[in-house]
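Let me begin by presenting the structure, written as structure tokens, before commenting on it.
The values are calculated or read from the model by the stated rules, or taken from the named source; none is laboratory data. Keep in mind the model is a prediction, meaning the values are calculated, not measured. So basically every Cβ, Gly included, is an ideal-geometry build from the backbone, and we count neighbours across all protein chains shown.
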Amino acid sequence: MGTDTVPPTNSSIFIGLMSGTSLDALDCVAVDFGDQIRLLGTTNTTLTTEMRDKILRLCEGGYSSQPQPNELLSWAELDHQFAKLSAAAVNQLLQQLSIPPNQVCAIGSHGQTIRHFPDHDSPHSLQLGDPNLIAELTGITTVADFRRRDIASGGQGAPLVPAFHQGVFRDTTTDRVILNIGGIANITVLPSDSSRPTFGFDTGPGNTLMDSWIKRTRGVAYDHNGDWARSGRVNSQLLESMLSDNYFLKAPPKSTGRELFNLNWLNTQLAPFTDIEAHNIQATLLELTAQSIATDINRSCEKGEVLVCGGGALNQHLFNTLKAKLPNHKIATTAVAGLDPLWVEATAFAWLAKQTIEHLAGNIPEVTGAAGPRILGGIYPS
């Protein structure tokens, strides 16, 4: 590329790309990390049904006893396609904002996770979205593959956003919990006393089981406002059975994903319960998400503030259920702290790219279990 693609050394603009477990869309944000964090613009690209189905089949190969045919070819094709989608999102956003590529320091691309097995005999975490191609198609230095360095040092490679939460949301007057409810839910505990360590972990399913169940039974992508779950009644026996899963009993550091909490897992849980109506199952799945989150928050932080982000922040029934289970906490979204709840994770990966470019650690060992602070990700120059 020509010298005009080299970002100025004083550039404070970074791009963040994030696609989570829900597999609904690719989020793209432009952030100015000047004197304070300023969200310059956002775009959201819905994944096509064809791409989503292909990714789901590839994900299923990680927990199926029968691997998918031509799995390596499928991975290569989707790696290329997801990179093109990512680059197009970046280029579209910059065009909307009239920001030339040479004014962007770097892109932080999370990619789309298709495998996350940090506790495997050969620990690994794999994401789609070739950063070489993103850098080539945008003319912008790209940082990607954030999780594997943490895993290489003995960590879970997740959650990674607590380092960002610590840098942005810590309050010296009150203990805070940042609750992200995506496909998987995770918490970051931020003590007001900075001498106490930040910690966090994945609590378990967020939206993923609810989304999968309503998609299977009603053919829609998600339960708007939790209305369908609200119409049902929680089955206490099913809930107790689900909460007995070893993941909920395991002490942190821990992380999880679609490789555990998927329809196969749900089918196993439902097998002894043949007479529960579909809307009651949905109600129980929402209760599972709320109960597992609330239990971990109450154990980790007796009182304080809970700031919610991620798509689950829009599920009003879930939000109200959490409020009832956390009477000693003040609950709001991250909007009260100046950042829209739907764009927190994408902003976090812009921030993680900034950390990498500046040769600073992006993980918190107390969160991931890594041997120490590590600079995360690989740098793919423009």
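Before moving on, here are some points about what is shown:
- All positions within the range 270-281 that are of a type in the set (D, E, K, R) and either surrounded by 24 or more Cβ atoms within 10 Å (Cβ to Cβ) or under 9 Å from Val234 (Cβ atoms) (or both): none
- Residue among Ser109, Ser86 that alone is assigned by TED's automatic domain parsing to the domain that holds Ile13, polar (S, T, N, Q) and either assigned to a helix (DSSP H, G or I) or in contact with a Lys or Arg (Cβ under 9 Å, 6 or more places away or on another chain) (or both): Ser86
- For Lys303, the criteria (1) buried (at least 20 other Cβ atoms within 10 Å of the Cβ); (2) of a type outside the set (Phe, Trp, Tyr); (3) more than 23 Å from Gly20 (Cβ to Cβ) hold in every case but one, which is (1).
- Restricting the range 346-374 to residues that are in contact with a helix residue (DSSP H, G or I) (Cβ under 6 Å, 6 or more places away or on another chain) and not small (Gly, Ala, Ser), the residue that is nearest to Thr45 (Cα to Cα) is Trp351.
- Selection count, the range 250-274, where residues are in a loop (DSSP other than H, G, I, E, B) and either under 23 Å from the mean Cα position of the chain (by Cα) or at pLDDT below 95 (or both): 14
- Being assigned to a helix (DSSP H, G or I), among the aliphatic types (A, V, I, L, M) and under 17 Å from the mean Cα position of the chain (by Cα) is a property that holds for Ala346.
- Ile114 farther than 24 Å from Gly377 by Cα, in the same structural domain as Leu26 (by TED's automatic domain parsing), in contact (Cβ under 8 Å) with a residue 24 or more places away in the chain and outside any helix (DSSP H, G or I): no
- Restricting attention to the range 117-152 and to residues that are small (Gly, Ala, Ser) and within 20 Å of Ser382 (Cβ to Cβ), the residue that is surrounded by the most Cβ atoms within 10 Å (Cβ to Cβ) turns out to be Ala144.
- Residues of the range 298-321 that are under 15 Å from the mean Cα position of the chain (by Cα) and closer than 14 Å to Ile187 by Cα: Val308, Cys309, Gly310, Gly312, Ala313.
- Which listed residue is more than 27 Å from Lys250 (Cα to Cα) and buried (at least 17 other Cβ atoms within 10 Å of the Cβ), from Thr284, Thr333: Thr333
- Contact map, the range 345-373: first residue under 21 Å from Lys254 (Cβ atoms), second residue hydroxyl-bearing (Ser, Thr, Tyr), Cβ cut-off under 6 Å, separation 6 or more or different chains; pairs are Ile364/Thr198; Ala370/Ser153; Ala371/Ser153.
- Test result for Thr295, modelled with pLDDT of 95 or more, among the hydroxyl-bearing types (Ser, Thr, Tyr) and surrounded by fewer than 20 Cβ atoms within 10 Å (Cβ to Cβ): yes
- Scanning the range 93-112 for residues that are under 17 Å from Lys354 (Cα atoms) and among the β-branched types (Val, Ile, Thr) turns up Val104, Ile107.
- Taken over the range 195-228, residues that are assigned to a loop (DSSP other than H, G, I, E, B), buried (at least 23 other Cβ atoms within 10 Å of the Cβ) and among the charged types (D, E, K, R) amount to 1.
- Checked against (1) basic (Lys, Arg); (2) under 22 Å from Leu58 (Cβ atoms); (3) crowded, with 17+ Cβ neighbours inside 10 Å, Lys84 meets all criteria but (3).
- Residues in the range 182-217 that are touching a residue at least 24 places away in the same chain (Cβ under 8 Å) and either more than 30 Å from Arg170 (Cβ to Cβ) or among the acidic types (Asp, Glu) (or both): Asp202, Leu209, Met210, Asp211, Ser212, Trp213, Ile214, Arg216, Thr217.
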